[in-house]
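Laboratory data are not the source of any read-out in this text; all were calculated from the coordinates shown. This structure is a prediction, so every number in the text was calculated from the model and none was measured. Cβ placement follows ideal geometry from the backbone for every residue including glycine, while neighbour counts extend to all protein chains displayed.
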Amino acid sequence: GTPTQAYDSKGELVWEMLLDVYGKVAECHGDRTLVPFRYQGQYEDEETGLYYNRFRYYSPDMGMYISSDPIGLAGNNPTLYGFVPDVNTWMDLLGLNNIITGAGRTHVTYQGIKHGLPYTGYASAPSHLGLTPDQIIAYRYNGNFDDFGGVPPQHVYAGEGIKGKQTARGLEQRLYEADLKAAGGDKTKVANKQNPVGVNNPNREKYLASADEYLKVKGCY
């Protein structure tokens, strides 16, 4: 997944880069800034030379992060240099951890009071991490629940794989609809800004059918 070469419209090589094991640029031919992407998830900041890794900055010169994990102890990495517990097992060589289909992931539907209004949301994480539903929610918000008045949302469903995602997303929509109905259809009285699973979502019917099946088994229908 790491870019190593770039070509122009004529098929001519215009950029080539080689990184060392820590992600530092070992060789570069062409404009270094043409492709700012380094190892997976890393984006180089031209001015500082640091790599932006979503919520943390990584120093390729030092071979370590220079900012701590924003979720604190929940990420089991309280140090600046913490990355993953075991680089031999925390990997996805076969691409089985699929965000799009939901395969290889744990899916959570949760509810809480956001800005004083009912809110329903969805979050997921790779299954091999072994995170609990509450830990997945904490990861989703980087451990910061200020928008929820400091009270973490509560999970109402957790499932695995493709079916788990279908059910979780469908429940997200159904629970939103229930909140909206309780509010008399007034969208200003719910925190969700829009339908979690809109009418243009190609998977809408599949998600809703899976959620309805789950609710029927639970005796909610």
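Each residue, GLN5 and ASP147, gets one label point 7 Å from its Cα in the Cβ direction; the gap between the two is 4.3 nm. Against the chain, whose longest principal axis is taken from its Cα atoms, helix 161-182 shows a tilt of about 50°. Sites listed here are trypsin sites (Lys or Arg not before Pro) in the range 138-206 whose DSSP assignment is loop and whose Cβ has at most 15 other Cβ atoms within 10 Å: LYS193. Exposure proxy shown here: for PHE55, PHE145, the number of other Cβ atoms within 10 Å sets the order, fewest to most, as PHE55, PHE145. Going down the list LYS114/LYS216; LYS187/LYS218; LYS181/LYS206; LYS163/LYS189, which pairs span over 25 Å between their C-alpha atoms? With Cα atoms farther than 25 Å apart: LYS114/LYS216; LYS187/LYS218; LYS163/LYS189. Across the range 105-217, the fraction of Cα-Cα pairs farther apart than 22 Å, rounded to a whole number, is 32%.
The peptide list 27-40, 99-112, put in order of mean Cβ contacts within 10 Å with the highest first, becomes 99-112, 27-40. In the distance distribution for the range 5-67, Cα-Cα pairs more than 19 Å apart total 30 percent. Counted residue by residue at 0.36 nm each, then reduced by the alpha carbon distance between them, the extension gain from LYS163 to ASP134 reaches 8.4 nm.
Dipole magnitude for the chain: computed about the Cα centre from +1 point charges on Lys and Arg Cβ and -1 point charges on Asp and Glu Cβ, it is near 1180 debye.
Relative to one another, the C-alpha centroids of the range 11-40 and the range 47-64 are positioned 15 Å apart. Excluding same-chain neighbours fewer than eight residues apart, the lysines reachable from LYS10 by a Cα-Cα span under 30 Å are LYS24. Helix 204-217 and the longest principal axis of the C-alpha atoms of the chain enclose an angle of approximately 50°. Obtain the radius of gyration and the Kirkwood radius of the chain from its C-alpha atoms and give Rg over Rh. Using Cα coordinates only, the ratio equals 1.05.
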